[in-house]
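First the structure, in the form of structure tokens, and then the observations on it.
The values are calculated or read from the model by the stated rules, or taken from the named source; none is laboratory data. Since we're looking at a predicted model, the values are computed, not measured. Cβ sites come from the backbone with ideal geometry, for glycine too, and all protein chains shown count toward neighbours. For the accessible areas, the whole protein counts, side chains as well, though only heavy atoms, and no ligand, DNA or RNA atoms are used. Shrake-Rupley method; radii C 1.70, N 1.55, O 1.52, S 1.80 Å.
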Amino acid sequence: MQHRAHTTDLVARDKAVLWHPFTQMQDWIGDVPGPPLCIVSGEGNWLVDTTGKRYLDAVSSLWCNTHGHRHPVIDAAVRAQLDRIAHTTLLGLTHPAAVEAAEAILEVAPPGLARVFFSENGAAAVEVALKMALRYWQLRGETDRTLFVSLEDAYHGDTIGAVSVGGIDVFHAAFGPLLFPSVQAPTARRRPGGGVPGRDDLVAGMERVLEANADRVAAVIIEPVVQGAAGIQCFPDGYVRGVRDLCDAYGTLLVCDEVATGFGRTGEMFAVNHDGVTPDVLVLGKGMTGGYLPLSATVATEDIHDMFLGATQEGRHLFHGHTYSGNPLAAAACVATMEVFEKEATLAQMRPRVEALRGAMREIEMLPGVVDVRGRGYMIGIELEPGMGRDPLPARTVCQRVRDAGVVLRNLGDVVVWMPPLSITDSEVDLLTTATATAIRSLGS
Ligand SMILES: *Cc1c(COP(=O)(O)O)cnc(C)c1O
């Protein structure tokens with residue numbers, strides 16, 4: 001009873017003062033589709049609420065947890081950093097954690113990337129990539145290259161520049177008056193009444209856009225291999241290679257936003273590794289601190305970096321930076337996260353689980369009302385028939401109902417998303433599958 005009173009009190013206080021991100025507060029305050037969960041601790045792949053009930057964190061605390069909660073190596077690294085200093089700046093000073101984090105990232109990054117620019121969230125790192133690209137061409141004297149090419153259904157974050165290259169209407173359309181124009185190339189989304197477009201069609205679609213805008217394109221920005229927020233849309237093998245070749249042929253830059261796909265999410269360290277591609281700019285976030293602390297990075301080639309060199313008074317340097325850019329606690333968590341990847345051979349350990357998840361996907365696919373199950377590695381989308389069982393939001397209902405079985409999920413529109421920590425075990429995959437299947441079967445009742 002002690003606990004219950006505590007929960008009720010906290011949730012009531014939450015409802016009085018908080019405004020939650022991406023949340024209809026009328027529903028939240030009205031306990032729709034259910035009362036809020038209040039998480040007080042975590043352990044491995046599990047979250048614990050105020051009543052002591054445990055939940056499998058199958059959303060990886062918004063796609064960012066990689067090695068589980070309270071991992072001893074990452075915990076120790078953050079504590080050790082805390083005992084030295086919590087924050088100092090990278091503006092005019094440096095510190096060991098930032099240097100080590102940059103080195104650790106470059107060690108695993110595709111060859112040719114050479115410079116790490118830190119921010120604290122994915123959207124900010126995208127803004128930096130856009131500024132880098134625009135300014136790179138200005139400094140080269142090609143001042144007409146001001147246009148960005150993005151993909152339909154793209155998601156690159158919620159700040160104004162990132163939204164300008166975004167393509168998801170429900171997230172982006174309302175902010176039209178604030179945005180700069182960009183042009184869009186076709187996504188791999190299934191076409192109404194048709195199939196999924198093939199690699200050659202998609203590459204040809206990109207080429208048409210580049211051809212039409214020839215010398216005006218500053219950069220092409222894509223989420224390589226999987227568009228996450230679009231509902232886990234998967235691109236065919238060879239697409240990223242095709243876009244890389246087009247960028248070379250048309251003499252423009254390729255920015256790959258791996259905020260979601262990076263750090264093992266698709267089964268490779270980075271999604272571009274599937275096609276053996278090095279982008280000119282790689283954008284990282286989410287998993288880079290193991291899901292511990294806010295940190296992101298915009299990683300560029302030496303060629304791009306060097307274009308910004310000159311005497312200070314020439315003003316060629318990159319005019320961008322945040323107060324907490326490269327924060328030591330976050331950087332220490334990043335270094336430890338990369339250490340764990342190596343020590344625990346995370347990518348090799350994932351392989352049998354990727355197979356297990358594929359088996360689980362086939363099981364879910366057979367259920368009535370499931371339109372499509374797709375994914376790559378540990379990034380999986382289960383698309384439900386809209387309005388299924390006369391439920392206007394069936395995927396949200398599924399995510400609510402799996403809580404009874406001890407699983408936390410979050411949907412994207414009609415898509416139930418599986419995004420477990422890379423450390424998920426076989427028995428946890430079974431729990432996730434059974435809980436999801438049971439919830440989907442229960443729709444309409
Ligand atoms: C989540 C995400 C972002 C934004 O990252 P934030 O840290 O939420 O700002 C950008 N790009 C992609 C592909 C993402 O999935």
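Yes or no: the range 436-444 includes at least one residue that is closer than 30 Å to P72 by Cβ and among the hydrophobic types (A, V, I, L, M, F, W, C). Looking for residues that are closer than 30 Å to P72 by Cβ and among the hydrophobic types (A, V, I, L, M, F, W, C), one finds none in the range 436-444, hence no.
Only helices (runs of 4 or more DSSP H) whose full extent lies in the range 23-128 are considered here, and the ones with at least 1 residues that are more than 16 Å from the ligand (Cβ to nearest atom), polar (S, T, N, Q) and crowded, with 22+ Cβ neighbours inside 10 Å are 72-82.
Name every residue in the range 129-148 that is within 16 Å of the ligand (Cβ to nearest atom) and not in a helix (DSSP H, G or I), in order of residue number. Selection gives F148 alone.
In the range 198-315, counting only strands (runs of 3 or more DSSP E) that sit wholly within it, the ones holding 2 or more residues that are open to solvent by less than 20 Å² (accessible area, probe 1.4 Å) and away from the ligand (no atom under 13 Å from the Cβ) span 217-222, 253-257, 296-301. Among the residues of the range 368-405, those that are closer than 21 Å to I39 by Cα and out of contact with any Leu (no Cβ under 6 Å at 6 or more places or on another chain) comprise R396, T397, V398, Q400, R401, R403, D404, A405. The condition of being within 16 Å of the ligand (Cβ to nearest atom) and at pLDDT below 95 holds for only one of V170, V163, that being V170.
Of the set (1) at pLDDT below 95; (2) open to solvent by less than 10 Å² (accessible area, probe 1.4 Å), all apply to R190 but (2).
Do we find a residue being closer than 22 Å to G377 by Cα and not assigned by TED's automatic domain parsing to the domain that holds G377 anywhere in the range 179-188?
yes
If I filter the range 341-356 for residues that are open to solvent by less than 10 Å² (accessible area, probe 1.4 Å) and either in a loop (DSSP other than H, G, I, E, B) or among the small types (G, A, S) (or both), do I get at least one hit? No, the range 341-356 contains no residue that is open to solvent by less than 10 Å² (accessible area, probe 1.4 Å) and either in a loop (DSSP other than H, G, I, E, B) or among the small types (G, A, S) (or both). For the range 392-405, the count of residues that are open to solvent by less than 60 Å² (accessible area, probe 1.4 Å) and part of a loop (DSSP other than H, G, I, E, B) is zero.
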